[in-house]
There are 4 protein chains.
Amino acid sequence: MRAAIAGASGYAGGELLRLLLGHPTLRIGALTAASSAGTPLGDHQPHLPQLASRLIEETTPETLAGHDVVFLALPHGHSAAVAARLGDECVVVDCGADHRLTDPAAWQEFYGGAHAGSWPYGLPELPGQREVLKGARRIAVPGCYPTAVTLALLPAYAAGLAEPEVVVVAASGTSGAGKAPKAHLLGSEVMGSASAYGVGGVHRHTPEMEQNLGRVAGTPVSVSFTPVLAPMSRGILATCTAPAVPGLTAKALREAYEDAFAAEPFVTLLPEGRWPATATTYGANTAAVQVTLDRRAGRVVAVIAIDNLTKGTAGGAIQSVNLALGLPEELGLPTTGVAP
Amino acid sequence: MRAAIAGASGYAGGELLRLLLGHPTLRIGALTAASSAGTPLGDHQPHLPQLASRLIEETTPETLAGHDVVFLALPHGHSAAVAARLGDECVVVDCGADHRLTDPAAWQEFYGGAHAGSWPYGLPELPGQREVLKGARRIAVPGCYPTAVTLALLPAYAAGLAEPEVVVVAASGTSGAGKAPKAHLLGSEVMGSASAYGVGGVHRHTPEMEQNLGRVAGTPVSVSFTPVLAPMSRGILATCTAPAVPGLTAKALREAYEDAFAAEPFVTLLPEGRWPATATTYGANTAAVQVTLDRRAGRVVAVIAIDNLTKGTAGGAIQSVNLALGLPEELGLPTTGVAP
Amino acid sequence: MRAAIAGASGYAGGELLRLLLGHPTLRIGALTAASSAGTPLGDHQPHLPQLASRLIEETTPETLAGHDVVFLALPHGHSAAVAARLGDECVVVDCGADHRLTDPAAWQEFYGGAHAGSWPYGLPELPGQREVLKGARRIAVPGCYPTAVTLALLPAYAAGLAEPEVVVVAASGTSGAGKAPKAHLLGSEVMGSASAYGVGGVHRHTPEMEQNLGRVAGTPVSVSFTPVLAPMSRGILATCTAPAVPGLTAKALREAYEDAFAAEPFVTLLPEGRWPATATTYGANTAAVQVTLDRRAGRVVAVIAIDNLTKGTAGGAIQSVNLALGLPEELGLPTTGVAP
Amino acid sequence: MRAAIAGASGYAGGELLRLLLGHPTLRIGALTAASSAGTPLGDHQPHLPQLASRLIEETTPETLAGHDVVFLALPHGHSAAVAARLGDECVVVDCGADHRLTDPAAWQEFYGGAHAGSWPYGLPELPGQREVLKGARRIAVPGCYPTAVTLALLPAYAAGLAEPEVVVVAASGTSGAGKAPKAHLLGSEVMGSASAYGVGGVHRHTPEMEQNLGRVAGTPVSVSFTPVLAPMSRGILATCTAPAVPGLTAKALREAYEDAFAAEPFVTLLPEGRWPATATTYGANTAAVQVTLDRRAGRVVAVIAIDNLTKGTAGGAIQSVNLALGLPEELGLPTTGVAP
């Protein structure tokens, strides 16, 4: 089976290629992009020497045609039109935001413009979602922050252990901001510095978190979300907290998390007393979770670490594609981080 | 006037020395430490070439005697005994935790052992505190996290704009963990990684935050605090959020912050739309604050950046000493960060 | 086939385990260590969740017995005694320094104590070395710096293009200094800082470089080596320069490098004009090389990037083991870096 | 006395402003720039809260007129024309390259275009240069790398202890590459990575090093220079090595360095056995030097650390201006690094 990658010169595209080079079933087909079309991939992804001489083509329906899977790592607003030209039998995977939100009003508020509709949501760990993804031909890859936050709080809301008012503060590596050169993302600016951005309910991943957690809880959940840019290339460390329901015990909380993740191939609940570090998930499709009950403040506090480019984007995308194609869910996905 | 520094080989001691070298009134007297006594300061603080050949002495009442000011940068539990030998006329500044908490029960819960009592609390920005510090001969330097969190939320609680249930997630540079070699603080472990620790209400700075905010609010305030170790040497970026009181407007919130900080020499409320970055406070005794009202979640969200070693420890200590000695509060304290 | 790892809690041990988890033929057997014996591996290598509950045993002849391969990642001076107990049929791989040097006088000068003798040297790229390694039952894994420097200059000396007086300055990530906690390796010390150490011909990897280059050149080669600690966890970037022989042209130099590396599976000569970056080899068993002729100074200048833990230690070790066991040399070894 | 800064929004401009804010004699006058004219300085230099509301003007002869000192931090090729309009009584300080080289042929080879001529060279530590700078009204600020390399080898060549063939490998922080956004300077690209660039005698600072060392040696000196981009914002660590003259002893070498730097206010020869780290000079106008004789290789090896923005640019500039204005050379210049 052959997979095309649109947006092959960016960070998400590079990570898709790195993972596909280790995938036993999916072969790499067309590599396309916009401004870098016509240049060799080696100019953009020097860490992939096997593909260094492959030429990048323009992203057009023609170059993407004839593949079993097409990954779209494009700016938002472009994927619907491309997908419409690709045929129903092709698995089209939107790594962008266009098809994540089910509520047109939320789309309008946070992104503006016409809502492209929603596609099957590529987070297999959501209850019932593996069945949705099996055989799917359109997949909306979740945002990196929503992946982290949803996994961190899923057991609490599935078991009814937390009130529906969440506070999230999440530190992210700079690759989440992409490869387009901007002054505030220069190494000189980010090294040695932590900074907040998109504060106060304006970050576009906020409604996606609310959508996921509300679905799990069966009731609307509000999220106060503050993203923080941290001086590292990769990784998200999300601290997620919500008021505990009355009478919640630490034991019940722990058991809910143990039960929820016991069969998950990519999510690890850490032993008690150990807290997640992003380095342990570096380059892996894994999530490391810990949870505790803050008795003094009466809150559930869950912390999760993922790699924003792997489990948070490209790895999560391939995990869903594996399901869509009827392959083993774990096929070709690394479960060891590169550390130290 | 001469100042002695006990704990001169550690990070807090080094920062005190760096600042005192630029202070026009305070001269550096004895440098003392425990295990590094007998070695030249240059072995421990190579960034201070002027003092490289100064020998470190043992921390004893004798070596600390005869100074106008004695800074104690010692592990907790030691400062009360040392201070008892130093005489009432000497300004004794405890950079450790021993005399910060007024509630013996809180001390017992978080530190254990006998409570040494409380000293005038060295955060001049607290309402009425400048008067307390003027002429004080004992000063308890606040913890680095409580300095950040208290400043970030002080205007909100002073003006009654937030409910008394705070959630704080704060990223800190590694110097906050000190200079004693530990495997989890190795460069190989911390570079490229963010990790949580002391989660769930167990961090010792929690009751100190509650004490400060409760004093400002005039009512008990609970704090859910999650510290995060970030891959940088210095800096704290604290995201502090609490439910807004009913009817709060963004305009009223902004005005409360503008009023509270208008006359503060070291705290800057950023222009609307710009959010704090720790790099802007690197090496400076400054705090950069921003606040917003998250209307969807109904919360006040304040973010602050400080340098944990400067405003968070050594600079804050000297600011209070300036008041204690009747000197201008800003004397000798840098207000420009070293960036990029 | 089963492989034991002695020194499983350290950085070299962790990297061996990470790579072996992806190796199709070698299974992981005993995990042993010294002071961490009795603890679960998850306490030391949290990035390997699959092995988190495996208990570390003591490093003894008994725990290491019965394996096809034994990797020794021990402090120097220990491996000869362990190997003597393991039997001739076992492939014993010394990741330490004990058996690298063939000259007892060089051993005596740089390490002191009795020389344990030399084993087949695990750098397959050296001329004729693949034949030596096929069927070998003892392997001395090269030092990380000598791996880099030898590969960078091998084509120049094999083709007689440089005079035998080399100057090397190499920046290394901190993992090369190991996991034992030392104050100068704390994150607070190394982040934001580059520093030299072991300057002036005293670093223990110097005679190993001279041994390798002298063997290739067929004449003694002297090396002036300056190692630099850089603020990154992994990676070596070595700048290697020597006087060009009279009449050398840029074309002849380029062709020598093209020829030398054309068939090498793990060494890439970059396209002209692009220079190596360590990030492109992060976590991979690859080397990226570039070379040029500095006409003004009359010198060959070669620059190489490797990952000190992968190609520089654990990956190089497995590459040699593959040869020793008659397996394909590239088996189980990643050739894609994790970037950005 | 008032000083204008042209290029106030860049890194060199920001560092000039930071230092001038602490200078007792020079007041900050006009702030000018090109594309950022019309915006407040706080948008560009948020670490300087005192100047946040100052508006940036266009760089024109009119805005720069009427100052005692004008600092030009402009792209090369612009300063001669600006200076021609400023009058002879004004001290014009070119932080760019235009007036550093005395040899028009070297200018032509490395920069191209017409040579603007040379100005008094702003490195007071060069023999006889303090006299040149006293009363000077035009100053060419040295490049950051040449500052480091010249100081590191000055004693060796002044005393005739090294042959005139130098090899330099120098790691630099990213601020040396400026603030213009470029993809290869993004934090995602530079964090965790060391990379070489401008290899093989093509870096524009090469002829400047040769000019300085040749002047000290009294004979032409060739330099093979390899710059390395290191994952840090500030700092240069230069390893500088040259063949020792026959019969050189370690004692004679050490004494030459001790003598050369004994009276220098900003250059410290470290105690034997300790090697420079850039962190010790962070934000300071200092240089830390160490030297040794590599007996095996027969080479002098000197290592130096400076802050590229302070001693390497803005601090060095002010040091020369102090001399030009007849002020104490050390006035307003920090000699303590910000560490850790």
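Shape descriptor for the protein assembly as shown: Rg over Rh equals 0.95 (Cα atoms; Rh from the Kirkwood inverse mean 1/r). Contact order for chain C, expressed relative to its length and based on alpha carbon pairs under 8 Å spaced 6+ residues apart, stands at 18 percent. Applying 1/(1 + (r/R0)^6) with R0 = 45 Å to the Cβ-Cβ distance of residue B:60 and residue A:252 gives a FRET efficiency near 0.25. Any idea how far apart residue D:165 and residue B:2 come out in nm if each label point goes 7 Å out from Cα toward Cβ? So the two model labels end up 5.8 nm from each other. Label reach from residue B:84 (point 7 Å along Cα→C-beta): in the stretch B:108-148, amide nitrogens under 18 Å belong to B:113-119, B:138-139. May I ask you to work out the translational diffusion coefficient for chain C at 25 °C, viscosity 0.890 mPa s, via Stokes-Einstein with Rh from the Kirkwood sum over Cα pairs, reported in whole µm²/s? Approximately 121 µm²/s, per Stokes-Einstein. Per the accessible-area calculation with a 1.4 Å probe, the total area buried between chain D and chain A rounds to 1400 Å².
P(r) tail for the stretch B:82-200, what percent of Cα pairs lie past 20 Å? List each step's numbers first, then the result.
Details: 4152 of 7021 pairs.
The answer is 59 percent, as a whole percent.
For the stretch C:254-293, list residues with backbone N below 18 Å from a point placed 7 Å from the Cα of residue C:130 toward its Cβ? Under 18 Å, as judged by backbone N against the label point of residue C:130, lie C:257-269, C:285-287 of the stretch C:254-293. With a 10 Å cut-off around each Cβ of B:156-168, the average count of Cβ atoms from other chains is 2. Of the residues making up the stretch C:265-288, those losing 40 Å² or more of accessible area when the isolated chain is joined by the remaining protein chains, with a 1.4 Å probe, are C:274, C:275, C:280, C:282. In this structure the stretch C:294-336 gives 22 Å² per residue of accessible area when probed at 1.4 Å with all protein chains present. With the convex hull of the Cα atoms taken as the outline of the stretch C:29-68, the averaged projected area works out to 2.9 nm². The GluC sites (Glu not before Pro) of the stretch C:233-340 that DSSP puts in a loop, and whose beta carbon has at most 10 other beta carbons within 10 Å, are C:272. Just so you know, the Rg over Rh for the stretch A:62-127 is 0.98, from Cα atoms, with Rh as the Kirkwood radius. Computed packing ranks the peptides A:72-83, C:307-318 as C:307-318, A:72-83, most packed first, by mean other Cβ atoms within 10 Å. Size estimate for the stretch C:286-340 follows the Kirkwood approach: the inverse of mean 1/r over distinct Cα pairs works out to 13.2 Å.
Would you mind checking A:182/B:251; B:134/B:251; A:179/D:311; A:179/B:251; A:134/A:311 for any pair whose Cα atoms are more than 25 angstrom apart?
A:182/B:251; B:134/B:251; A:179/D:311; A:179/B:251
Per residue, the convex hull around the alpha carbon atoms of the stretch B:236-340 comes to 109 Å³.
Once the gyration tensor of the Cα atoms in the stretch A:1-149 is diagonalised, the equivalent ellipsoid follows with semi-axes of 26, 17, 15 Å, ordered largest first. The mean number of partner chain beta-carbon atoms within 10 angstrom of a residue's beta-carbon across peptide A:234-240 is 6. Relative to the dominant Cα principal axis of chain A, helix A:206-217 is inclined by about 60°.
In what sequence, highest mean first, do B:201-210, A:139-148 appear when ranked by Cβ atoms within 10 angstrom? Walk me through the intermediate numbers first.
On the way: B:201-210: 23.2, A:139-148: 27.7.
Highest to lowest by the protection proxy: A:139-148, B:201-210.
Could you work out the mean count of beta carbons from other protein chains within 10 Å of each residue's beta carbon in D:173-182? It would help to have the intermediate numbers written out before the result.
Working: counts 8, 7, 7, 1, 3, 2, 5, 3, 8, 2.
Mean shielding by partner chains, rounded to a whole number: 5.
Both radii come from the Cα set of the stretch C:181-309: Rg as radius of gyration, Rh as Kirkwood radius; their ratio Rg/Rh reads 0.99.
Round to the nearest 0.05 the FRET efficiency obtained for residue C:39 and residue C:114 when R0 = 41 Å and r is the Cβ-Cβ distance.
0.80
P(r) for the stretch C:1-41, from all Cα pairs and a bin width of 10 Å, is 32, 55, 13, 0 %, short bins first.
The residues of the stretch B:146-242 present an accessible area of 23 Å² per residue when probed at 1.4 Å with all protein chains retained. For the stretch B:56-108, the solvent-accessible area with a 1.4 angstrom probe is 43 square angstrom per residue.
Per the 1.4 Å probe, what fraction of the accessible area of the protein assembly as shown, in percent, lies on carbon and sulfur atoms? Summing carbon and sulfur atoms, their accessible area is 54 percent of the total for the protein assembly as shown.
The values are calculated or read from the model by the stated rules, or taken from the named source; none is laboratory data. These figures come from a predicted structure and were not determined experimentally. FYI the Cβ positions are ideal-geometry reconstructions off the backbone, even for glycines, and counts take in every protein chain you see. For the accessible areas, the whole protein counts, side chains as well, though only heavy atoms, and no ligand, DNA or RNA atoms are used. Shrake-Rupley method; radii C 1.70, N 1.55, O 1.52, S 1.80 Å.
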